[in-house]
Amino acid sequence: MPSNTILGHAGAGTVMEALGLKKPLLVVINLALMNNHQVELAERLAVDGHLIYTHGTNALAKTLLKPELFQLKPLPKANTTAFSRFMDNFLVEN
């Protein structure tokens, strides 16, 4: 495991803050949650190559050894002006 890897739970706040640090991220999903947004978020970001995840502590050791952990892509910087431009255009047109 890279020494600068972040290990955390898969809550949205934790994931987004960790990805903002541009370090490899491994998250452990809590499958006991109802309407589990952690699964959806982790799966999507894993498909896009930004993190890897596991479903429990039993698989954690094996997941830490995955070579993909060394090849994760940083999350692109957000376009923070897109929504305000959209609203400006929307309000002018209506």
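Please treat every number below as a calculation from the coordinates, not as lab data. Predicted, not measured: the structure shown is a model, and the values here were computed from it. Using ideal geometry, Cβ is built from the backbone for each residue, glycine included, and neighbour counts are taken over all protein chains shown.
Remarks
- Cβ-placed point charges (K, R +1; D, E -1), dipole of region 42-94 about Cα centre in debye, nearest 20: 280
- Mean-position separation - Cα centroids, region 16-38 and region 51-91, in angstrom: 9
- Per the Cα gyration tensor, the chain maps to an equivalent ellipsoid with semi-axes of 31, 16, 9 Å, ordered largest to smallest.
- Remark: the N30-D48 segment gains 4.4 nm on full extension, using 0.36 nm per residue and subtracting the alpha carbon distance.
- Dipole magnitude of the chain about its Cα centre (Cβ charges: Lys, Arg +1; Asp, Glu -1), debye to nearest 20: 380
- For region 4-78, trypsin sites (Lys or Arg not before Pro) meeting the loop criterion (DSSP other than H, G, I, E, B) and having at most 10 other Cβ atoms within 10 Å: K77.
- In this simple spin-label model, placing a label point 7 Å from the Cα along the Cα-to-Cβ direction at both Q71 and H55 gives a separation of 2.4 nm.
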